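A.B. asks: Can you read through this structure? Questions will come right after.
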Amino acid sequence: MKVPDIGPVVAASIHTFFNQPHNAAVIQKLRQAGVTWPEHSTAPENKELPLSGKTFVLTGALSGMTRDEASQRLRDLGAKVAGSVSRKTDFVVAGSDPGSKVAKADRLGVAIVGESEFFDMIAL
């Protein structure tokens, strides 16, 4: 439950999943096949990052990078990347052909930034 956005219900589900023999066997087979994943975060510890505490939602296509690249850059700068807009969202990044997330952000009073402003923010 120390992981952001993981509460007691999800934590219990994760615990149950990893304690089922079938799931442990599948994970073992994946490891034997060479599948790996990071054991820990690569973000520096005990360092205040420029976007720490900020939550971003991406919508539409970005011309300068993929959505995955943008998400990773935000996380590297300390931000959280969410999939949906809520009152806790700090910024909605609107690329070309944005969806309904922009309208929801507008209704909630969440800051909407365009691609140029977003690239300025992550070039810190």
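A.B. asks: State all residues of region 6-26 that are part of a helix (DSSP H, G or I) and within 27 Å of Ala82 (Cα to Cα); if no residue qualifies, say none.
C.D. replies: Selection gives Pro8, Val9, Val10, Ala11, Ala12, Ser13, Ile14, His15, Thr16, Phe17, Phe18.
A.B. asks: Is one or more of the residues making up region 71-90 among the small types (Gly, Ala, Ser) and touching a helix residue (DSSP H, G or I) at 6+ places or on another chain (Cβ under 6 Å)?
C.D. replies: Checked region 71-90: no residue is among the small types (Gly, Ala, Ser) and touching a helix residue (DSSP H, G or I) at 6+ places or on another chain (Cβ under 6 Å).
A.B. asks: Another question about this same structure. I'd like the residue in region 82-101 that is of a type outside the set (Gly, Ala, Ser) and surrounded by 17 or more Cβ atoms within 10 Å (Cβ to Cβ) and, out of all such residues, is farthest from the chain's Cα centre (by Cα).
C.D. replies: Pro98
A.B. asks: Shifting gears a bit: Going by the conditions given, is Glu117 part of a loop (DSSP other than H, G, I, E, B) and either within 18 Å of the chain's Cα centre (by Cα) or modelled with pLDDT of 90 or more (or both)?
C.D. replies: no
A.B. asks: Here's another thing I want to ask about it. Does any residue of region 38-49 turn out to be at pLDDT 90 or above, out of contact with any Lys or Arg (no Cβ under 8 Å at 6 or more places or on another chain) and of a type in the set (Ser, Thr, Tyr)?
C.D. replies: No, because not a single residue in region 38-49 is at pLDDT 90 or above, out of contact with any Lys or Arg (no Cβ under 8 Å at 6 or more places or on another chain) and of a type in the set (Ser, Thr, Tyr).
The values are calculated or read from the model by the stated rules, or taken from the named source; none is laboratory data. Worth saying up front: this structure is predicted, and the values here are computed from it rather than measured. Cβ: placed from backbone, ideal geometry, glycine included. Neighbour counts: every protein chain shown.
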